Structure formats: structure tokens, C-alpha cells
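Single-structure report; data block below.
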Amino acid sequence: MSRRMLSILAIAGAMIAAGPAMAQGANQNMQCLMVANVFSSQEKDPQKKQVAIGAAFFYLGRLNEQITPAQLKALILAQSKALTPQTAGPLMNACIKEIGVKQGMMQTAGKELQAAQPAAAAPPKK
């Protein structure tokens with residue numbers, strides 16, 4: 001994912017009000033993937049559309065690699081019942097918030113690892 005996309009996701013995560021708390025399991029990942037696909041195809045605002053596309057890729061990557069086509073179909077059918085026009089917005093907000101949490105964890109880990117590195121010695125003068 002490009003730095004630009006990560007920046008857009010970070011901005012969106014900061015701008016979106018906190019959604020309902022969600023335990024991230026297969027069902028929630030599928031719901032997020034499905035709602036992100038809907039928003040990525042129907043959103044008119046280019047920045048929000050890019051956020052939805054990034055979210056779709058994020059949640060697509062969270063699908064179990066060993067899931068069979070029959071299991072995938074059953075999961076889609078089961079989770080599609082929970083998606084309504086009334087739940088789509090709050091669900092998308094919660095999904096984006098989860099991405100922001102994961103991004104924050106990566107940033108914190110990177111800063112901690114960078115701080116743990118010994119200071120680089122100045123290169124020898126010629």
C-alpha cells in the first residue's frame with residue numbers, strides 16, 4: 001500500500017467518530033469487506049472512495065487463506081443479512097477505526113524499534 005493511501009487512511013481514521021466496538025473475527029472481517037466494497041463502488045467523494053478501496057484491500061487480506069469457496073459463500077450469505085442501509089455507515093466507521101488502531105500499533109512499534117537502535121556512528125573522515 002502506498003504512503004499516500006496510508007496517509008488517507010490515517011486522516012479518515014482521525015476524522016471518523018468512534019463506531020461501535022467490534023471484536024474482529026471472521027464475521028466482522030467479512031462485514032467490513034462487504035461494506036467497504038459497497039462504499040468503494042458507490043461513494044462519490046474521491047477521498048472517501050479511496051479510503052473505502054484501501055479498507056476493502058485491508059479486510060480482503062484478513063480472510064483466512066484456507067477458506068474454501070463453499071465456506072466463503074456461506075460466510076457472505078450469513079453476513080449479508082446484517083448489512084442494511086441503516087447499519088452500513090456505522091459499520092464502515094467502525095471498520096475504518098480498526099484500521100486506524102492497527103496503523104497506530106505499527107507506528108508505535110516502528111518508533112520503539114528506531115529508538116532501540118544504537119546511534120549510528122559518524123562516517124570516518126577521509
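The values are calculated or read from the model by the stated rules, or taken from the named source; none is laboratory data. Just so we're clear, the structure is a prediction, and the values are computed from it rather than from any experiment. Note: ideal-geometry Cβ built from the backbone for every residue, glycine included; neighbour counts use all protein chains shown.
Pull up segment 54-77, narrow it to residues that are under 15 Å from residue 99 (Cα atoms) and without any contact (Cβ under 8 Å) to a residue 24 or more places away in the chain, then point me to the one that is nearest to the chain's Cα centre (by Cα). Here the answer is 56. For segment 1-46, which positions are modelled with pLDDT of 90 or more, in a helix (DSSP H, G or I) and exposed (fewer than 12 other Cβ atoms within 10 Å of the Cβ)? Across segment 1-46, the qualifying residues are 41, 42, 46. Mind listing whichever residues of segment 63-98 are part of a helix (DSSP H, G or I), within 16 Å of residue 34 (Cβ to Cβ) and of a type in the set (A, V, I, L, M)? Correct list: 72, 74, 75, 76, 77, 78, 88, 91, 92, 94, 96. A single entry from 68, 87 fulfils the requirement of being loosely packed, with under 11 Cβ neighbours inside 10 Å and of a type outside the set (A, V, I, L, M): 68.
Each row is one residue, and each column tells you yes or no for (1) of a type in the set (Gly, Ala, Ser); (2) within 11 Å of residue 30 (Cβ to Cβ).
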position	(1), (2)
72	no, yes
78	yes, yes
90	no, no
98	no, no
112	no, no
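For segment 99-117, the condition of being over 19 Å from residue 39 (Cβ atoms), free of Cβ contacts under 8 Å to residues at least 40 places away in the same chain and assigned to a loop (DSSP other than H, G, I, E, B) holds for at least one residue. Please work out if residue 126 is exposed (fewer than 11 other Cβ atoms within 10 Å of the Cβ) and either on the phi < 0 side of the Ramachandran plot or not small (Gly, Ala, Ser) (or both). For residue 126, the condition - exposed (fewer than 11 other Cβ atoms within 10 Å of the Cβ) and either on the phi < 0 side of the Ramachandran plot or not small (Gly, Ala, Ser) (or both) - is met.
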